[in-house]
Amino acid sequence: MSTWTIGLIILMIKLALVLVVLLLLAAYLVYAERRLLARLQIRLGPNRAGPLGLLQPLADIIKLLTKEDTVPAGADRVIFLLAPAVVAGTALLIFAVVPFGEGWQWQGRPIPGVISDLNVGLLYVFALSSLGVYGVALGGWASNSKYSLLGGIRGAAQMISYELALGLSLAPVVMAAGSFSLVDIVQAQAHYPFLLIQPLSFLLFFVSGMAEIKRIPFDIPEAENELVAGYHTEYSGMRFGLYFLGEYVTMVVLGGLVAVFFLGGWRGPWLPPLVWFFVKVSIVVFIMIWTRAALPRLRYDQLMMFCWKFLIPVALLNIVAVGGLLLWART
């Protein structure tokens, strides 16, 4: 069997495994969030479907698959049907460059712990995250509903604005690692995680990432007390489920990116690399859920002002400070 064929088989196996794991994590992340929020708010949460409610994700999937999939009269049918797939698809594709282990050996052949180690992996992440804006904006516009249109406009403005802060927050990380490859960024943290030398970049990235995926307190595009359900008001059945899936897959992806950029990726003592990566992602996701339970939603003007008048200026000052320190250290 040729080397090319073996490489293709290994790639397909990794793609299938990562896809299955991501979908399972997203499904049970919904369950975990509902249980954690219930605990934080002195409630029970889902506990009827199976022992401890562990079959609740399966019940939710069956419910979504069996609900009627409606298209509003006057909606742009093609765009309306495709928009949810853009959100879910871009979230899944981002994980293609996220390294989850240091690699393995099989019959003397190295198998990297990442689907594709691109030398411009960080640019790939930003390119796909920017495409996610289209799923929100087009879904709101194509629904032919004022509530959905307002939610889509809010979502586009918010995601474009915070994407700028997100990119600026990672410039010092790239400067310290000297590479856009996510594998190289993890390798650069062999002695200490970047969280210790870039705490401000970590805070900027985490807050901007929360806003990018529209999590409370940044869920202005959905704002049920103002816009019913925002950009996905008119969606039902599994198309609504795709929006839901995209949000929770993106939570896992954001947790993975935080682990890669600031927590040393798969690195850690005693435990296997894959376990360390999962633990770090779980901690980040738990903090996102805890934030949802603790903080109220911002007003739209507060949200935009926070980005343009605080996050972006601080990110620019951080770039200048880190660049000056690196220049001083090399002279």
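The values are calculated or read from the model by the stated rules, or taken from the named source; none is laboratory data. Just so we're clear, the structure is a prediction, and the values are computed from it rather than from any experiment. When we count neighbours, we look across all protein chains shown, and the Cβ atoms used for this are built from the backbone with ideal geometry, even at glycine.
Summary table below
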quantity	calculated
Among residues of the stretch 274-308, those that are touching a Gly at 6+ places or on another chain (Cβ under 6 Å) and buried (at least 19 other Cβ atoms within 10 Å of the Cβ), counted	4
Of all residues making up the stretch 96-120, the number that are at pLDDT 80 or above, surrounded by 18 or more Cβ atoms within 10 Å (Cβ to Cβ) and among the β-branched types (V, I, T)	2
Failed criterion for A142 (all others in (1) hydrophobic (A, V, I, L, M, F, W, C); (2) under 23 Å from L298 (Cα atoms); (3) crowded, with 17+ Cβ neighbours inside 10 Å hold)	(2)
Tally of residues being under 22 Å from A85 (Cβ atoms), surrounded by 20 or more Cβ atoms within 10 Å (Cβ to Cβ) and under 21 Å from the mean Cα position of the chain (by Cα) across the stretch 145-162	6
Exclusive hit being touching a Lys or Arg at 6+ places or on another chain (Cβ under 7 Å) and touching a residue at least 24 places away in the same chain (Cβ under 8 Å), set D69, D60	D69
Some residue of the stretch 286-296 being modelled with pLDDT of 85 or more and of a type in the set (K, R)	no
Residue within the stretch 285-298 that is among the aromatic types (F, W, Y) and either within 16 Å of the chain's Cα centre (by Cα) or not in a helix (DSSP H, G or I) (or both) present	yes
Qualifying positions in the stretch 183-220 - outside any loop (DSSP other than H, G, I, E, B) and either among the aromatic types (F, W, Y) or in contact with a His (Cβ under 9 Å, 6 or more places away or on another chain) (or both)	F202, F205, F206
Enumeration of residues in the stretch 24-37 that are without any contact (Cβ under 8 Å) to a residue 40 or more places away in the chain and surrounded by fewer than 16 Cβ atoms within 10 Å (Cβ to Cβ)	L24, Y28
Condition met for L93 (more than 21 Å from K146 (Cβ to Cβ), out of contact with any helix residue (DSSP H, G or I) (no Cβ under 6 Å at 6 or more places or on another chain) and at pLDDT 80 or above)	no
